[in-house]
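Each reported figure results from applying straightforward, stated rules to the coordinates on display, with no laboratory input. It should be emphasised that the depicted structure is a prediction, and the values quoted were computed from it without experimental measurement. Ideal geometry is used to build each Cβ from the backbone, glycine not excepted, and the neighbour counts take in all protein chains shown.
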Amino acid sequence: MGGWNIIAILLAVCDLIEITVALVLLYLCCLRRKTKKPTSSSDSENFLKLSYQSLVKATDGFSSGNLIGEGSFGLVFKGVLNEGERTVAVKVLNLVRHGALKSFLAECEALRNIRHRSLLKVLSVCSGIDSHGDDFKALIYKFMINGSLDKWLHPSQTVAETMDRPRSLSFSERLNIAIDVSMAVDYLHHHCETPIVHCDLKPSNVLLDDDMVGHVGDFGLVRVLPKASANQSSSVGVKGTIGYTPPEYGMGNEVWTRGDVYSYGILVLEMFTGKRPTDDMFQGTSNLHNFVKAALPERMVDIVDPALVQEVVQGNMLADRNSNDGRARVSTKLRESLISILEVGVACSAELPRKRMDISNVVAELCRIRNKLLVSKR
């Protein structure tokens with residue numbers, strides 16, 4: 001009997017070992033499947049492999065018909081990949097221009113680790129040799145179907161433009177875009193590992209998708225600030241676009257986050273007045289900031305974009321006809337909101353940097369204005 005007991009014990013131990021081995025193998029198999037799962041479509045978008053030849057084909061040889069814009073250091077073309085499956089924007093760097101290579105490297109470095117819904121998405125980069133044997137470098141972005149904010153604020157007068165899209169942006173669209181841009185700047189200034197200064201905020205660098213969401217692009221002049229300081233950078237050289245650069249840059253000061261706030265303020269004033277900061281009406285000490293500041297609040301209607309004035313007037317007419325349904329309250333809130341938004345633009349574009357709003361406060365204020373207006377419409 002003792003011998004049978006020993007055999008039974010041995011068989012039980014063998015069964016236990018077999019079960020343990022089977023469980024271990026099953027675990028390892030599952031673990032292997034997890035580590036080798038197929039790459040998602042979103043991951044594949046981030047790692048497009050594009051050659052110079054594929055970009056030539058996509059843009060029809062970088063033809064003028066596909067030219068959709070001009071960046072700080074190059075031209076931007078519309079391209080169609082994979083037999084029409086995906087439309088992209090291709091920014092081809094002009095490497096002959098001084099600072100273009102440095103711009104390319106800075107933009108790649110800055111965009112490598114930043115992600116935000118209001119920042120233009122970079123799908124890939126291309127670095128190689130063109131058909132003439134020269135260096136070729138390009139950035140490939142997600143295509144924004146509604147183009148730049150600049151083209152909406154200052155539309156051309158061609159028949160094609162008039163037929164393709166509305167003549168102007170509504171008040172709510174402008175406010176939403178202003179909030180989108182402020183959130184992007186706030187992210188760059190306060191929510192990255194180190195503060196990032198865009199250096200070239202302007203309407204042509206804000207792109208609109210099919211939902212009219214604003215995306216900040218063209219990081220060719222971007223500067224990453226030292227970790228020890230959220231103020232100044234050690235970078236020198238080109239610091240932005242005339243009309244949007246803060247006064248201190250003209251005096252030799254280095255770039256900093258308050259410089260972006262100034263540019264943002266000018267952008268907001270342009271969005272709601274329809275006037276460029278480089279308009280011929282601004283001569284000598286006259287500028288867009290002073291023009292708006294002098295008119296607020298009493299003469300607000302005299303300075304805002306005529307399209308917005310029409311929107312206010314139409315709101316007043318409806319209010320007069322339907323004074324009992326709350327439309328009068330909406331019309332008043334619209335006027336108050338316009339004044340408040342222009343005041344934000346003025347505060348951001350103050351000549352003295354210490355008087356400018358922090359971009360986080362800008363986000364909070366603009367969202368408060370939007371929420372207040374939405375409540376009044378209920």
Taking 331-339, 264-272 and ranking on average Cβ neighbours within 10 Å, highest first, one gets 264-272, 331-339
How would you rank 114-124, 182-192, highest first, on the average number of other Cβ atoms within 10 Å across their residues? 182-192, 114-124
What ranking do Lys239, Lys57 get, fewest neighbouring Cβ atoms within 10 angstrom at the top? Lys57, Lys239
Work out Dmax and Rg for the range 45-142 from the C-alpha atoms and quote the Rg first, both in angstrom. 12.8, 38
